[in-house]
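Read the structure below first, then the notes.
The values are calculated or read from the model by the stated rules, or taken from the named source; none is laboratory data. None of the values given here were measured: they were computed from a predicted structure. Neighbour counts are summed over all protein chains in view; Cβ atoms, including those assigned to glycine, are modelled from backbone coordinates with ideal geometry.
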Amino acid sequence: MQAVIETGGKQYRVSPGDTIQVETLAGEPGQEVEFDRVVAVFGDSNELIAGDAVKQARVKGTIAGHSRGDKLLVFKFKRKKQYKRTIGHRQNYTAVTVGEILV
């Protein structure tokens with residue numbers, strides 16, 4: 001069974017046992033988390049459940065840990081004005097291990 005969940009403005013296709021990196025969630029490692037924004041569910045026999053039928057669906061998981069992504073360099077430049085600026089950004093992530101999909 002697989003599900004498509006939405007968190008942090010992004011959609012992820014998950015199945016039980018998967019570990020995904022999502023935008024930072026509040027909580028400590030080992031704490032349970034529940035995703036209630038389920039977009040679609042794929043059953044074992046490949047039937048698609050979507051729309052109003054998945055309003056009650058939930059995906060449960062546990063927080064595996066918090067981490068940070070790779071540094072991205074942002075370079076701003078305006079020609080003929082002697083303006084150059086370099087800054088960096090590292091995004092915070094939370095690793096979530098998917099436990100079960102409840103339909």
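Please determine, by comparing only the residues of the range 17-64 that are within 16 Å of Val98 (Cα to Cα) and among the basic types (Lys, Arg), which one is surrounded by the most Cβ atoms within 10 Å (Cβ to Cβ).
Arg58
Part of a strand (DSSP E or B), modelled with pLDDT of 95 or more, small (Gly, Ala, Ser) and in contact with a Lys or Arg (Cβ under 7 Å, 6 or more places away or on another chain): which single residue out of Gly65, Gly88 fits that description?
One residue alone meets the criteria, Gly88.
Sort out which residues of the range 19-44 are in a loop (DSSP other than H, G, I, E, B) and more than 14 Å from Arg58 (Cβ to Cβ), and write them in order of number. Give the steps one after another, and end with the answer.
Filtering the range 19-44 down to residues in a loop (DSSP other than H, G, I, E, B) leaves 24-31, 36-37, 43-44.
Selection gives Thr24, Leu25, Ala26, Gly27, Glu28, Pro29, Gly30, Gln31, Gly43, Asp44.
Could you tell me whether any residue of the range 79-100 is over 20 Å from the mean Cα position of the chain (by Cα), aliphatic (A, V, I, L, M) and exposed (fewer than 10 other Cβ atoms within 10 Å of the Cβ)?
Checking the range 79-100: at least one residue is over 20 Å from the mean Cα position of the chain (by Cα), aliphatic (A, V, I, L, M) and exposed (fewer than 10 other Cβ atoms within 10 Å of the Cβ).
Of all residues being polar (S, T, N, Q) and farther than 25 Å from Arg90 by Cβ in the range 1-53, which is farthest from the chain's Cα centre (by Cα)? Just the residue, please. Let's see the steps before the verdict.
Step one: filter the range 1-53 for residues polar (S, T, N, Q), giving 2, 7, 11, 15, 19, 21, 24, 31, 45-46.
From what's left, farther than 25 Å from Arg90 by Cβ: 2, 15, 45-46.
Numbers: Gln2: 15, Ser15: 13, Ser45: 26, Asn46: 23 Å.
Here the residue is Ser45.
So for the range 92-100 (the condition being touching a strand residue (DSSP E or B) at 6+ places or on another chain (Cβ under 9 Å) and outside any strand (DSSP E or B)), does at least one residue qualify?
no
Of everything in the range 7-18, what is assigned to a loop (DSSP other than H, G, I, E, B) and free of Cβ contacts under 8 Å to residues at least 40 places away in the same chain? Give them in sequence order.
Of everything in the range 7-18, those that are assigned to a loop (DSSP other than H, G, I, E, B) and free of Cβ contacts under 8 Å to residues at least 40 places away in the same chain turn out to be Gly8, Gly9.
Taking the range 39-58 as the region of interest, how many residues are within 11 Å of Val4 (Cα to Cα) and in contact (Cβ under 8 Å) with a residue 40 or more places away in the chain?
Residues meeting the conditions: 6.
Filtering the range 68-78 down to residues that are charged (D, E, K, R) and either surrounded by 10 or more Cβ atoms within 10 Å (Cβ to Cβ) or part of a loop (DSSP other than H, G, I, E, B) (or both), which residue is farthest from the chain's Cα centre (by Cα)?
Lys71
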